[in-house]
């Protein structure tokens, strides 16, 4: 009995060491998938609980996509109904960024050095949050969780080709959202004025 | 390459997911197409802007401590039973395995398969779940093969340095089991060789590991969720064959592998 207990403690310790470093990734995906912060916390916690239970089936080498796949299942189980009927509640309330400067200018010579300001980041989050579900998921997994295409295919449980076409669609949608925002908020002359001021 | 293909592939180019050959093709197309060149530039700019943005969340401290507490064994209770009540989550096995089952169902409709795997240690019953999961994973997306060839002399050396056994690779094409290739897989965290065969539309994974001396040699056969698993030990190896192939046909496969592995009967 004591031996079993020791083994169980050891298992828990190994799981903790392997899985806890990805809590921010798990929470981030939860946040973009379920939107409500409290629900996202519950989803993240449930994800770790399930992962611990199935840790014996885990065969590596990549812990992050494994956890994110579990998280995704948690979210699908519990939030499928709500997710379809809700509009984004959180990021969308932050409207302050929309009437500000463009996020970036495509024609600039060196976009590499471009960093977003805080309010632009908020606007970007909102645009991601407004993407339809499968496209939002693929963008978050790629751009924020930094998974490879193959890992995304595993997490989203779709073929590689689907990952690629969704990602292309998702980026095209983001691009038009950005362009629309720029067009409305900042005609070139206004932008120039702001930049020079 | 045309613009339609390029439109998808230029994202893979941006993400560094293309092999050199395809990357060259996309770059050649972009060099000759101003529309695609413009898209490439703007998507690159967008990606750079996003990576510079603080889009990643940080888990709130109270969540972190809640989960840490959940993962810290209490002194006298052994299971994670003392988890704080959750508001509405009812964890179910079904939900976790649902993804696998669905993917497997789809894949199985496309290609039923047989997989032969070699595993170094014997961990008994619990390995069966692992085997099935590995088999099902292999049928999804592009996971089936790391090295795709019907040439056994290509498959075998591919495993050199990747795993501590030299897995036997036997060509049974003439006998109705087509050799598709090999793959490095993981069972219980241990790397294993998976040799992949096909019988009609059915995939067979043959998993192979070194047999541990501590464990008695044994033979077993079982069926889980419609998949058949055969396990045996031979020549210091442990072998598992997993497939949705009918039990009798899988037995036939096992017999042929067994016969081929016998020193006198090696082909």
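Given the criteria modelled with pLDDT of 75 or more and more than 23 Å from residue B:245 (Cβ to Cβ), does residue B:191 qualify? Spell out how you get there, then give the answer.
Numbers: modelled with pLDDT of 75 or more: yes; more than 23 Å from residue B:245 (Cβ to Cβ): yes.
In short, yes.
Output the residues belonging to the range A:137-156 that are surrounded by fewer than 20 Cβ atoms within 10 Å (Cβ to Cβ) and touching a helix residue (DSSP H, G or I) at 6+ places or on another chain (Cβ under 8 Å).
Of the range A:137-156, the ones surrounded by fewer than 20 Cβ atoms within 10 Å (Cβ to Cβ) are A:146, A:148, A:150.
Hit for the range A:137-156 is A:150, nothing else.
For the range A:30-71: of the residues being within 20 Å of the chain's Cα centre (by Cα) and not in a helix (DSSP H, G or I), which is nearest to residue A:138 (Cα to Cα)? Full working, then the answer.
Filtering the range A:30-71 down to residues within 20 Å of the chain's Cα centre (by Cα) leaves A:30-48, A:51, A:62-71.
Now narrow it down to the ones that are not in a helix (DSSP H, G or I): A:35-36, A:62.
Values: A:35: 16, A:36: 19, A:62: 18 Å.
Restricting to residues being within 20 Å of the chain's Cα centre (by Cα) and not in a helix (DSSP H, G or I), the top hit is A:35.
Could you list, in sequence order, the residues of the range B:184-204 that are within 14 Å of chain A (Cβ to nearest Cβ) and on the phi > 0 side of the Ramachandran plot?
Matches in the range B:184-204: B:188, B:189.
Of the conditions (1) in contact with a helix residue (DSSP H, G or I) (Cβ under 6 Å, 6 or more places away or on another chain); (2) buried (at least 23 other Cβ atoms within 10 Å of the Cβ), residue A:164 satisfies every one except a single condition; which number is it?
The one condition residue A:164 does not meet is (2).
Of all residues in the range B:43-62, how many are assigned to a helix (DSSP H, G or I) and either surrounded by 20 or more Cβ atoms within 10 Å (Cβ to Cβ) or modelled with pLDDT under 90 (or both)?
Initially, the range B:43-62 is screened for residues assigned to a helix (DSSP H, G or I), giving B:43-52, B:61-62.
Filter once more, keeping what is either surrounded by 20 or more Cβ atoms within 10 Å (Cβ to Cβ) or modelled with pLDDT under 90 (or both): B:43, B:45-52.
Result for the range B:43-62: 9.
Is it the case that residue A:50 is surrounded by 20 or more Cβ atoms within 10 Å (Cβ to Cβ), facing chain B (nearest Cβ under 9 Å) and under 25 Å from residue A:130 (Cα atoms)? Quick ask: steps written out before the conclusion?
Details: surrounded by 20 or more Cβ atoms within 10 Å (Cβ to Cβ): yes; facing chain B (nearest Cβ under 9 Å): yes; under 25 Å from residue A:130 (Cα atoms): no.
Criteria not met by residue A:50.
The values are calculated or read from the model by the stated rules, or taken from the named source; none is laboratory data. Note that the structure is predicted; figures quoted are calculated from it, not measured. Reconstructed Cβ throughout: ideal geometry from the backbone, glycine too, with neighbour counts over all protein chains shown.
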